[in-house]
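Data first, discussion second: the structure below is written as structure tokens.
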Amino acid sequence: MGKVYLSLNKLPQGKCACVRTLIAEEEAKRRLEDLGLVAGTKVETVQKGPSGDPTAYYFRGTVIALRSEQARQILVEV
Amino acid sequence: MALCEDNAEYIVALVGNPNVGKSTVFNALTGLRQHTGNWAGKTVSVAGGDYSLEGQSYRAIDLPGIYSLEAMSADEEAARQFLLTKKVDAVVVVADATALERNLSLVLQVLTLKIPIVVCLNLLDEARKKRIKIDIDKLSEQLGVPVIGTNARKGRGLEQLKQAVAKVCVSGCPIRQELDEQAVDAKRRYACVEQICAQCVVFDKQDYTSFDRRLDRFFMGKWTAVPIMLLLLAIVFWITIAGANYPSALLSQFFIAFESASKSLLLDIGLPAAVVSLLAEGLLRTLGWVIAVMLPPMAIFFPLFTLLEDSGYLPRVAFNLDNCFQRACACGKQSLTMCMCFGCNACGVIGCRIIQSPREKLIAMLTNSFVPCNGRFPTLIAIISMFCVAALSGFTRSLLAGLLLTALVVFAVLMTLAISKLLSHTLLKGLPSAVTLELPPYRKPQIGTVLVRSLLDRTIFVLGRAAKVAAPAGVLIWLLANITVGGGESLLAVLTEFFRPFGCFLGLDGAILLAFVLSFPANEIFLPLVIMNYLQLGGIVEIDNLVTLRELLVANGWTGLTALCTMIFCLLHFPCGTTVLTIKKETGSYKWALISIAIPLVTGCAVCALVNGVGQLVM
């Protein structure tokens, strides 16, 4: 069974995925990890913004909006 | 920080993620009325309050909401510094029971500081509604620290919390070394947290945010988000204008009666006519106008706005507008600080601390005065009522006035975006940085509390400040009008004449421009100053409603174009004195304070001159 990897900003609305790695600079990476976006975290795309960016994601019990520039740095596995 | 330098025996610091009800816990503990809000990072400075238990006194310190102790924003730095450098006897980590994992991650970090700690598991009622079951005893056992379940909004569990704090203040707390090692990096911290949660938390229903999601689809959907946002804004303004009309008229009639009554009383007790005139026509009249015009709209607008804030809608506004700010190379949280500006621009400037990037924070501060604050709304409402909707009556009148005010606010927002973009490409060059915006669950606003809180905390506060400035300003303008120079002209007339050429160039006149300059201490007194000026230079004596006021203005040469330019200049001129001082304090430099004056002033002059030029051509 082939696994599909994509960056989080490509994850369609209503779909769930699992965080694999963060491809970000040290500081940005740490900030995302502090929010709980570490490998293994389940993320769901809840709602795209009215103009498609930012997007609200549901993970670890809360909804947090990220800009696509940030979501691009998060590699997820569907 | 003088907060912990006196006689309280124990210092207790409250930390927690944003939006966990930390300020509510703080208020419930200390009984101190401190404003709490429903958006990330509302507590922007360190607040303190006292309580006592069994003869011991405690000082609770409410630290800013943070996700992590690894300092990146000003808030995190403040919290971290406080915990590390102050003598703190205990830390209460307030955790959101509905999002335990992220909250426990912070708990683990705080544990490494080796300060006695109590975990306050708040929002238990919301967790129950979402069918999340937490085994509190087991959680306490796993963490090795006391865990107290609370529901701070209803005041539940606070006695137990106080008891637990008292206990750890005396005994200290066993620190578990093995948890300590887990806390060093986020990955291990979350792995550890997951383990703990797996043992203590049960979700009965997986899809537990379905209602919130439906609301989100509506409030943040592609086609619905913007129309709903504009609609809500228009409704708030409409209710404010429609509701404030009658009480405003009543109040101004009352103050006119009061003015003439006190005038004759003062004359009767033998005060000289000049002093009586100074007190009655200078001080009382300005004060009366400010109260009559400001109090009713504020008493309606603030509760309505606090309802929106309390329900969790404002972070959705920031979400919807973030893309616009991103295009302007600014931060989406700027829309939150702009919302605070509706109340008071100085509060908006302080609110800018929630923005992480220093560059984007400066942009938000420098453009913040474009959003009309409470001191300027009454001016705008009065001008709209007099010049734009005067021919209408009843329902259509207030509705149209509401829509026009909405249009003005939209114009102010567009100007903010345009100038933010301009700044990003010139003075404050840079690319947009990362934004993480938490969208808290929708909460049913507590209507009773909202009413009391917004009336007491905001309305009375803002009104008090306005009155404090209005009284001396009334005296000042009376003096200006009654002190004559050289050729027998009053100082006021000389000054008005001085400002006339430039005022006319902007589509205003000398009196209007002078009033803008003199209302630098507080925008509230702008219209009273204009009126005083016209009255002193001859005209009608009593202004008891907007019809006579309109006659006075028209008699002094006001046209529709003057009204339009005045409204634009009211939106775009220098920020008030308090705001400028706050910007100086927040940035630590006079340079930025001066620039914060220059930017809106230059913009305002340019737009007004343009509008006036085009208007003159068309007419």
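Readers should treat all values here as calculations from the given coordinates under stated rules, not as data from a laboratory. Small disclaimer: the values here were computed from a predicted structure and weren't measured. All Cβ positions, glycine included, derive from the backbone under ideal geometry; neighbour counts span all protein chains shown.
Once you've got the Cα coordinates, tell me which of B:K222/B:K429; B:K187/B:K361; A:K10/B:K222; B:K87/B:K167 are over 20 Å apart.
B:K222/B:K429; B:K187/B:K361
Using a 10 angstrom Cβ neighbour count of at most 13 plus a DSSP loop assignment to flag exposed trypsin sites (Lys or Arg not before Pro), which longest range of chain B is free of such sites? Walk me through the numbers before you get to the answer.
On the way: sites that count: B:R33, B:K87, B:K114, B:R131, B:K205, B:K222, B:K429.
With a cap of 13 other Cβ atoms within 10 Å, the longest stretch comes to B:223-428.
Counting other C-beta atoms within 10 Å, which of B:T224, A:T41 has the fewest, and how do the rest follow?
B:T224, A:T41
As a check on your grasp of the helix formula, calculate [θ] at 222 nm for chain B: sum -39500 (n - 2.57) over DSSP H runs of n ≥ 4, divide by the residue count, round to the nearest 500.
-19500 deg cm²/dmol
With a point put 7 Å past each Cα toward its Cβ, work out how far B:A390 is from A:K3 in nm, to one decimal.
7.3
Order of B:C576, B:C120 from fewest to most other C-beta atoms within 10 Å?
By the 10 Å Cβ count, ascending, the order reads B:C576, B:C120.
What's the exposure ranking of B:S23, B:S454, going from fewest to most Cβ atoms within 10 Å?
In increasing order of surrounding Cβ atoms, one gets B:S23, B:S454.
Relative to the longest principal Cα axis of chain B, at what angle does helix B:394-425 sit, 0 to 90 degrees, rounded to 10?
The answer is roughly 70 degrees.
Compute the long axis of helix B:158-171 from its Cα atoms, compare it with the longest principal axis of the Cα atoms of chain B, and write down the angle in degrees, 0 to 90, nearest 10.
For helix B:158-171, the angle is close to 60 degrees.
Mind pulling the angle between the C-alpha long axis of helix B:546-555 and the longest principal axis of chain B? Nearest 10 degrees, somewhere in 0 to 90.
50
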